[in-house]
Amino acid sequence: MACRSGCSCFFFFLFFFIVSLIHRFHAQTVSLPKTFLLPVTKDASSLQYLAKIRPGGDPPRPLTLVLDLGGPQLWTSHAPPTRLRVPLRSVECLSAANSGDERTRRGSTCVVISGNVVTGLAAPSELSEGAVTVESSHAASIPAVHKLLFALSPEYLLSGLASGASGMLGLGRARTALPNQLAAASGGDRRFFLCLSESDGVIAVGGDWPYFSSPSSGADVSKSMVYAPLLTAEPGSSGEYSVKLRSIEVNGERLTLNSSSMQLSTVVPYTTMESSIYRAFTGAFAKAAAAMNITRAAVPAATPFELCFSAGSVRTTPTGPAVPEIDLVLQSEMVRWKVHGRNSMVRANDDVMCLGILNGGPEQKHGVVLGGHQLEDVLMEFDLGASVVGFSRSLLMSQTRCKDFS
């Protein structure tokens, strides 16, 4: 381009220089990693899984939150100092799919319903936004995610949560849940990995995550996962993760049951089954255990379990106690969630171990709700874009645990 005068050339290059600076400053200030890493711990008393985030503030005060795999939002009763109320008539308010008529109850502020799925309590909460810092896969940089939506809830909603917890961290399919928000902020994939442990686990949100390598073999565990399609979430639901359940097998013997569904839950500590399924399942498990010369034992006091065995009659294997193997057959014969002794049994005391699966009652919505104990030391991937869930075999089979990835 030719300049007609020295003055016009000066202003042209000045304009170009300013635009370049703005572009560079913008790229440096809003650039986010494609993957975020959140360490997960387990509270021994409540058996709940916990993660921490750091809201804006000087200094930032970490918030401990209980993981809710199917939860629609992040809610807390502790107001970060930099939080901003979301206006009622805003795109952010409309994205909160569960707000309903409650949005109009506090004047111009957007109000949503937050739920404590542990106790069943729910309460109107102010939808807010603010900067939140989460760990990233880039150790040199821990950036803040600006304008992350969360709900400010009343203190009484904390009832039933682990000591020190100030809210719940929803990982569901809703637009206001953490995975979708982080993906939108960073431009990363709408998917996340979850690996729970009795000690240290991890959540990895995004698509640029380093390999989940087994320390014993070096093999990438995420490359040998089995996938099942997620069932369509019901309108108005929080976006829970559930799959089709075709059948259940105990040591290869198939139970007679109608096709059902299975929900994955980090809030339920032990798997529950609908009553009729539970009766058929425990009968088959007791029969298979007797065939393996495993001795029944009296149920210890103060335990929720109904089927217990003498620990002295059970051998120990790399995948836990040598008890009947459970196969949860999903949408096809090739897609099976195998439950070995480490995930099926719970040590009640030195002499007794019990089947860690409970009667969920006749009104349980899903035939099976797979609880936290059964999810541990299994790598799971939730691909929200493809609407599938992937899962590995027990990591113990490759001498690996979830804590190896944390």
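Nothing in this text is a laboratory measurement; each read-out follows from the coordinates by a stated rule. These figures come from a predicted structure and were not determined experimentally. Ideal geometry is used to build each Cβ from the backbone, glycine not excepted, and the neighbour counts take in all protein chains shown.
Between residue 303 and residue 287, what length comes free when the chain is fully extended (0.36 nm per residue of separation minus the Cα-Cα distance, one decimal in nm)?
Working: separation 16, 0.36 × 16 = 5.76 nm, distance 2.20 nm.
Answer, rounded to one decimal: 3.6 nm.
Modelling each spin label as a point 7 Å along the Cα-to-Cβ direction, I'd like the residue 310/residue 232 distance in nm, to one decimal.
For the pair residue 310/residue 232, the computed spacing is 5.4 nm.
Pop a pseudo-label 7 angstrom from the Cα along the beta-carbon direction at both residue 253 and residue 108 and give the gap in nm to one decimal.
6.9
Fewest to most neighbouring Cβ within 10 Å: what's the order for 309, 150? Don't skip to the end; give the middle numbers.
Details: 309 22, 150 31.
Taking fewest neighbouring Cβ atoms as first place, the list is 309, 150.
Just the Kirkwood number for the stretch 221-405, please: inverse of mean 1/r across all distinct Cα pairs, in Å, one decimal. The partial results should precede the final answer.
Values: mean 1/r = 0.0588 Å⁻¹.
Computed over the stretch 221-405, the radius equals 17.0 Å.
Which net charge results for the neighbourhood of residue 269, defined as the other residues with beta-carbon distances under 14 angstrom from its beta-carbon, given Lys and Arg at +1 and Asp and Glu at -1?
On the way: positive: 42; negative: 43, 68, 198, 376.
Net charge around residue 269: -3.
Which loop GluC sites (Glu not before Pro) in the stretch 302-343, with loop taken from DSSP, have no more than 10 other Cβ atoms within 10 angstrom of their Cβ?
Working: sites: 306, 325, 333; in loops: 306, 325, 333.
Loop-located and lightly packed - 333.
Which order do peptides 161-174, 375-388, 216-229 fall in by mean Cβ count within 10 Å, highest first? Can you show the working numbers first?
Values: 161-174: 22.0, 375-388: 19.6, 216-229: 14.0.
Packing proxy ranking, top to bottom: 161-174, 375-388, 216-229.
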